[in-house]
Each structure stands twice: as structure tokens, then as C-alpha cells.
Amino acid sequence: VQKTTHRFRLHRYPVAKFDLPKYAEPKHAFAVDASESYAPDGNIRQYKWFVDNRFVATGKTANLQVSTPGDHIVSLLVTDDSGFEDAKSLATKKIHVNFEPLPRWETSLSVAAPNQWLAFDAGNSYDLDGRIKKYTWTFSDGSTESGRKVTKKFPEPGKVDFTLTVDDGTGFENAVQS
């Protein structure tokens, strides 16, 4: 009778975990952090970051950026130090990149007499990923009005310019458009 003893090593896979903001601004860096990733049998040797399946960075932490508004997928691939080729783990999360709100308006008249009431309506303004929280009308006479609909009269004849500014309330640089 011949007896042979074999010994082998069981290996547990690493676990990829990361923090990511839910929302970001186009073309502005946002931080990702993989500090919660771990390798039960050793250490994480490599961190690789992807946005929409495209490799973009390495490291436990990174600053990533997305140019186009909408939903995007951020992925983290970690590899441990075991030397096993398949000792990797992948985690993915969604981030939403803010669309800018678009100001649109209508006026009740294109020509009016002095002291005649004019109605201004921003009801056709829109934000593809939310709603507009604030409407501000700035007129060339120096006055401002707030609201989706405003009325105003001008005492003097002449050309009147105005700017409609819409704000989606996200606080991002592209949240306010005129």
C-alpha cells in the first residue's frame, strides 16, 4: 500500500468596495475611495478605476471626471497579492452627471405701449434630470422679478432687454443658465 499526502492552499477572493457621490457635475472631478476594499488572505495589490467600461485611473483613491450629462457606471477592479491570476474582485456603482436647465420664454406682446402690462412666461423652460427650482427675470431698467410667470410694465418708450435665469437647485456650476 502506498500513501501520498497532498497539501493545497485555499484562497479567498478580495472584496472590492468604494464610496462614490450619487451626483456630479460635467467636467468637474469627483473623488472615489476604495479604502473599504480588502483581501481576507493578504493585501490589495492593485486598484483600477473604470468609467463606462473605460480605464481611467489607478490607486486606492482617485479623482475621476465625466464630460457628458446623464447616468454613468463607475467600476473598481481590485487584485490581491496572492499571485493567483483570478484573485480579483469587481464592484460597480451608478453616478448621475447633472444636465443644465434650459431657459425658454414667451411674452404676451412683442410690441407694447408705455405703461402697458406685459406678461412673461418661462413655462417652456425645462431640466432633463429634475425640475427648475428658481426663475429670475432681470430687465434692462435694473429691476428683477422672480417666478415662472411675471408681469411688468415699462413707463418709457424704447428697447427693453431682459435675461431669464433658471436654477435647478443642485448647486453645481451648470445648475444656473441664462
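The values are calculated or read from the model by the stated rules, or taken from the named source; none is laboratory data. Keep in mind the model is a prediction, meaning the values are calculated, not measured. Because the Cβ atoms are built from the backbone with ideal geometry, glycine has one as well, and the counts that use them run over all protein chains shown. The accessibility values were calculated without ligands, DNA or RNA, using every heavy atom of the protein model including side chains. Shrake-Rupley method; radii C 1.70, N 1.55, O 1.52, S 1.80 Å.
Below is a table of values for the structure above.
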quantity	calculated
Of all residues in segment 150-166 being under 18 Å from Gly123 (Cβ atoms) and loosely packed, with under 14 Cβ neighbours inside 10 Å, the one that is modelled with the lowest pLDDT	Thr163
Given (1) farther than 23 Å from Leu20 by Cβ; (2) at pLDDT 90 or above; (3) open to solvent by 40 Å² or more (accessible area, probe 1.4 Å), index of the condition Lys88 fails	(1)
Subset tally (residues that are open to solvent by 50 Å² or more (accessible area, probe 1.4 Å) and either part of a loop (DSSP other than H, G, I, E, B) or more than 18 Å from Gln177 (Cβ to Cβ) (or both)) for segment 113-128	7
Some residue of segment 59-82 being among the small types (Gly, Ala, Ser), modelled with pLDDT of 95 or more and in a loop (DSSP other than H, G, I, E, B)	yes
Breaking point among (1) assigned to a loop (DSSP other than H, G, I, E, B); (2) open to solvent by less than 70 Å² (accessible area, probe 1.4 Å), for Arg9	(2)
Cβ pairs under 6 Å, 6+ apart, first in segment 132-144 and within 16 Å of Pro114 (Cα to Cα), second open to solvent by 30 Å² or more (accessible area, probe 1.4 Å) and of a type outside the set (Gly, Ala, Ser)	Phe139/Phe162; Ser140/Val160; Ser140/Asp161
Index of the failed condition, Val51 passing every other in (1) free of Cβ contacts under 8 Å to residues at least 60 places away in the same chain; (2) closer than 22 Å to Asp129 by Cα; (3) touching an Asp or Glu at 6+ places or on another chain (Cβ under 9 Å)	(3)
Lone qualifier among Ala122, Ala91 - being closer than 30 Å to Lys60 by Cβ and either without any contact (Cβ under 8 Å) to a residue 40 or more places away in the chain or not β-branched (Val, Ile, Thr) (or both)	Ala91
Among residues of segment 91-105, those that are at pLDDT below 95 and surrounded by fewer than 16 Cβ atoms within 10 Å (Cβ to Cβ), counted	2
Filter result for Gly169 (open to solvent by 20 Å² or more (accessible area, probe 1.4 Å) and within 22 Å of the chain's Cα centre (by Cα))	yes
Qualifying residue in segment 31-39 (condition: within 30 Å of Asp127 (Cβ to Cβ) and touching a residue at least 60 places away in the same chain (Cβ under 8 Å))	no
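Condition check ((1) under 20 Å from the mean Cα position of the chain (by Cα); (2) aliphatic (A, V, I, L, M); (3) open to solvent by 20 Å² or more (accessible area, probe 1.4 Å)) across all residues:
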site: Pro21; (1), (2), (3): yes, no, yes
site: Ala29; (1), (2), (3): yes, yes, yes
site: Glu36; (1), (2), (3): no, no, yes
site: Gln46; (1), (2), (3): no, no, yes
site: Val56; (1), (2), (3): yes, yes, yes
site: Gly59; (1), (2), (3): no, no, yes
